[in-house]
Amino acid sequence: IEIFCLGTCPVPAGEQIARDDVHRGLTGWKFGGNAASLAIDAASGELRLLGEALLPDSMACIATDRSGRWLFSASYGGDCIAVSAIDAEGVAQAAHQMLATPPHAHAIQADPSNRFVLATSLGGGVVLQLRFDDFGADSSHLRGVPIRYVETSDGKKVAVATVFDLLMAQYGVS
């Protein structure tokens, strides 16, 4: 068993600290907490910190989407859920989207299709069903977009497309 300390470690044996000080030390981030990204060394099994990302609150639950590119988090005390990108090296980034929930968001998970996120809110007695679109993953999808070439007033030829054609290319058509 390996103990890997992030931020504040447990108080060493024999030291006496007031309960409020310990609580402040363990949850001392102004906005709540951090998500730590760790790697496991294949040879030794040791943990290595890849990075930490600020989350909007102390989160009761964290989970990834089915692709592993997004980190979902739910805050019981903060009554919110959030989504954070996970970069190509597997490091979670700071939360870039947060949504207020009814009291006590407790769990969050992508559905098997990865098109929806389900989040429970115990104090509100609801299961939130949210559409999840993975359009900000810095990835490219090669789809044909109908374009035309037009000549500008200075004689240059430029490619143009309609908004409708761009939307169809973004969402895809099956």
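The values are calculated or read from the model by the stated rules, or taken from the named source; none is laboratory data. Keep in mind the model is a prediction, meaning the values are calculated, not measured. We place every Cβ from the backbone using ideal geometry, glycine too, and count neighbours over all the protein chains shown. We work out accessible area using only protein heavy atoms, side chains counted, and drop any ligands, DNA or RNA first. Shrake-Rupley method; radii C 1.70, N 1.55, O 1.52, S 1.80 Å.
Per-residue extension of 0.36 nm, minus the Cα-Cα distance of LEU50 and THR152, leaves a gain of 31.7 nm for this segment.
For the peptides 108-114, 123-129, what is the packing order when you average, over each peptide's residues, the other Cβ atoms within 10 Å and list the highest mean first?
Working: 108-114: 15.1, 123-129: 12.7.
Descending packing order for the listed peptides: 108-114, 123-129.
Any chance you could look up the accessible area of ARG115 with a 1.4 Å probe, heavy atoms only, rounded to 10 Å²? The accessible area of ARG115 comes to roughly 120 Å². The protection proxy used here, the mean number of other Cβ atoms lying within 10 Å of each residue, ranks peptides 149-155, 84-90, 51-57 as follows, highest first: 51-57, 84-90, 149-155.
How much net charge surrounds ALA82 when only the other residues with a Cβ under 14 Å from the Cβ of ALA82 are counted, with Lys and Arg +1 and Asp and Glu -1?
Working: positive: none; negative: ASP57, ASP65, ASP79.
After counting each charged neighbour, the total is -3.
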